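Peer 1: Below is one structure. I have some questions about it.
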Ligand SMILES: NC(=O)c1ccc[n+]([C@@H]2O[C@H](COP(=O)([O-])OP(=O)(O)OC[C@H]3O[C@@H](n4cnc5c(N)ncnc54)[C@H](OP(=O)(O)O)[C@@H]3O)[C@@H](O)[C@H]2O)c1
């Protein structure tokens, strides 16, 4: 029987890259995507003529439940923060085929500002060793209440769930619509607009990184496991929580490299990096403390047990193409 995969967010950066990778690895799969408007339908139809496209939003509970019920695997990539959508999909899956549900969260959930903004924290969350701590993080943590709703809905409706939790995603997306990430592209814009590079405080705070293609490959691997008897070697349910990282960096390193690259292209007048106070950084960008000021340190031990390995292990090689994408 041909597996049917329902995907939300296929017009996005992660969802577009993932849908492309899935089609390439498994051209025989029946892929169904949800998009919001006719413009996206036309673009996707040209790129992926064999993909079934449904127009709707994450608020269309009926559509989500129906498509969930027909799918062998659901990839919910459109939002880490929409509360009702995963609940509606999982409820529909429970009444239908009872496939497997894969949700995309984000390591904002472990954002650590216990030191001053711009300083390194010591806590590193390992998704095998620290799984109990991770799935019991306070509900005030970013994305946490939706992660919890996914786990609880899966248990309630007998639907195996997995949560994939990426850190800072870099690279240029391969999907037909949105191809841009968030943290580094916004930093490039902010540096060029300000005319000089900067860090929040000392910039010693650390995050992990993953290239969008390596993330897409991890998600495809999870789909493959989902389709094996009993969900293959993957973990499902409350402990099915997967960080996906390829290493870590301090934000001062990214700012220094961007300063050098942008100065070499005459986009800014100096290759020096200013250390801004939190107040100064917030004036440059309202989200500066969240985007570039905290720590988010994860270890992706669980996905590595499935023999996933990232190809791109540093951010540096993709900075020039991200600069080109932002400034074109
Ligand atoms: N980018 C990162 O660095 C990063 C890091 C960690 C986690 N994540 C998570 O990864 C997921 C995808 O992020 P992304 O960077 O790929 O974002 P994105 O490029 O904005 O893609 C999200 C896609 O979902 C669609 N979507 C959003 N809300 C929707 C709604 N209410 N109804 C229907 N479609 C909706 C959007 O459609 P439209 O095009 O119509 O708006 C868009 O195509 C998010 O959950 C995000 O939190 C991202």
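A short reminder: the numbers here are calculations on the coordinates, not readings from a lab. The shown structure was predicted, so the numbers you read here are calculated from the model rather than taken from an experiment. Counting neighbours? That spans all protein chains shown, and the Cβs are built from the backbone with ideal geometry, glycine included.
Peer 1: Please report the Cα spread of segment 80-186 along all three principal axes, rounded to whole Å, starting with the longest.
Peer 2: Projected onto the principal axes, the Cα atoms of segment 80-186 cover 48, 38, 23 Å.
Peer 1: Between residue 230 and residue 275, what is the label-point separation in nm under the 7 Å Cα-to-beta-carbon projection?
Peer 2: Simple spin-label model gives 5.5 nm for this pair.
Peer 1: Under 1.5 on a/c is rounded, so check that first for segment 265-328, then, if it is not, pick prolate when a/b is larger than b/c and oblate when it is not; a ≥ b ≥ c are the square roots of the alpha carbon gyration tensor eigenvalues.
Peer 2: Oblate, since a/c reaches 1.5 and b/c is not below a/b.
Peer 1: Using alpha carbon coordinates only, what is the Rg to Rh ratio of the chain, with Rh defined as the Kirkwood radius?
Peer 2: 0.98
Peer 1: Given labels modelled 7 Å from the Cα in the Cβ direction, how far is it in nm from residue 189 to residue 97?
Peer 2: Between residue 189 and residue 97, the simple spin-label model gives 3.8 nm.
Peer 1: Tilt of helix 61-70 relative to the longest C-alpha principal axis of the chain, in degrees (0 to 90, nearest 10)?
Peer 2: That helix lies at roughly 60 degrees to the long axis.
Peer 1: Once you have the Cα-Cα distance between residue 52 and residue 178, take 0.36 nm times their residue separation minus that, and quote the gain in nm to one decimal.
Peer 2: Using 0.36 nm per residue and subtracting the Cα-Cα distance, I get 43.5 nm.
Peer 1: While we're on this one: How high is the FRET efficiency between residue 137 and residue 84 when r is their beta carbon distance and R₀ equals 30 Å, given to the nearest 0.05?
Peer 2: For R0 = 30 Å, the calculated efficiency reads 0.90.
Peer 1: Kirkwood Rh, segment 203-259, all Cα pairs: how many Å?
Peer 2: 13.6 Å
Peer 1: Mind giving me the nanometre distance, one decimal, between the label points for residue 286 and residue 38, set 7 Å out from Cα along Cα→Cβ?
Peer 2: 3.3 nm
Peer 1: Then there is this: If you build a Gaussian network model of the chain, linking Cα atoms that sit under 10 Å apart, which residue out of 287, 236, 251 swings the most?
Peer 2: Most flexible of the set in this elastic network: 287.
Peer 1: Using only the alpha-carbon atoms of segment 1-88, report the extent along each of the three principal axes, biggest first, to the nearest angstrom.
Peer 2: 32, 31, 19
Peer 1: State the extension gain, in nm to one decimal, for the chain segment bounded by residue 114 and residue 328, taking 0.36 nm per residue of separation less the distance between their alpha-carbons.
Peer 2: So the extension gain works out to 73.2 nm.
Peer 1: For the chain, what does the helix formula give at 222 nm: sum of -39500 (n - 2.57) over DSSP H segments with n ≥ 4, over the residue count, nearest 500 deg cm²/dmol?
Peer 2: After summing the helix terms and dividing by residue count, I get -11000 deg cm²/dmol.
Peer 1: Right, another one. Run through the DSSP bridge list for the chain and note the antiparallel percent, rounded to the nearest 5.
Peer 2: So the antiparallel bridges in the chain amount to around 10 percent.
Peer 1: Okay, moving on. Give the angle, between 0 and 90 degrees and rounded to the nearest 10, that separates the Cα long axis of helix 38-47 from the longest principal axis of the Cα atoms of the chain.
Peer 2: Orientation of helix 38-47: about 90 degrees from the principal axis.
Peer 1: When the chain is modelled as a GNM with alpha-carbon springs shorter than 10 Å, which of 187, 58, 276 fluctuates the most?
Peer 2: 276
Peer 1: Ranked highest first by average number of other Cβ atoms within 10 Å, how do 192-204, 140-152 line up?
Peer 2: The peptides rank, most packed first, as 192-204, 140-152.
Peer 1: May I ask you to compute the full-extension gain from residue 61 to residue 321, defined as 0.36 nm times their residue separation minus their alpha-carbon distance, rounded to one decimal in nm?
Peer 2: Additional length available on full extension: 89.8 nm.
Peer 1: Between 117, 227, 75, where does the largest GNM mean-square fluctuation fall for the chain, given springs only between Cα atoms within less than 10 Å?
Peer 2: 227
Peer 1: DSSP beta bridges in segment 189-328, what fraction antiparallel, as a percent rounded to 5?
Peer 2: Antiparallel bridges: around 40 percent, rounded to the nearest 5.
Peer 1: With r as the distance between the Cβ atoms of residue 305 and residue 124 and R0 = 22 Å, compute the FRET efficiency 1/(1 + (r/R0)^6) and round to 0.05.
Peer 2: For residue 124 and residue 305, the calculated efficiency is 0.80.
Peer 1: What percent of all Cα-Cα pairs in segment 223-319 falls in each 10 Å bin, counting up from 0?
Peer 2: Values per bin, smallest distances first: 13, 30, 26, 18, 11, 2.
Peer 1: How big, on average over all directions, is the shadow cast by the Cα convex hull of segment 109-251, in nm²?
Peer 2: The number I arrive at for segment 109-251 is 10.5 nm².
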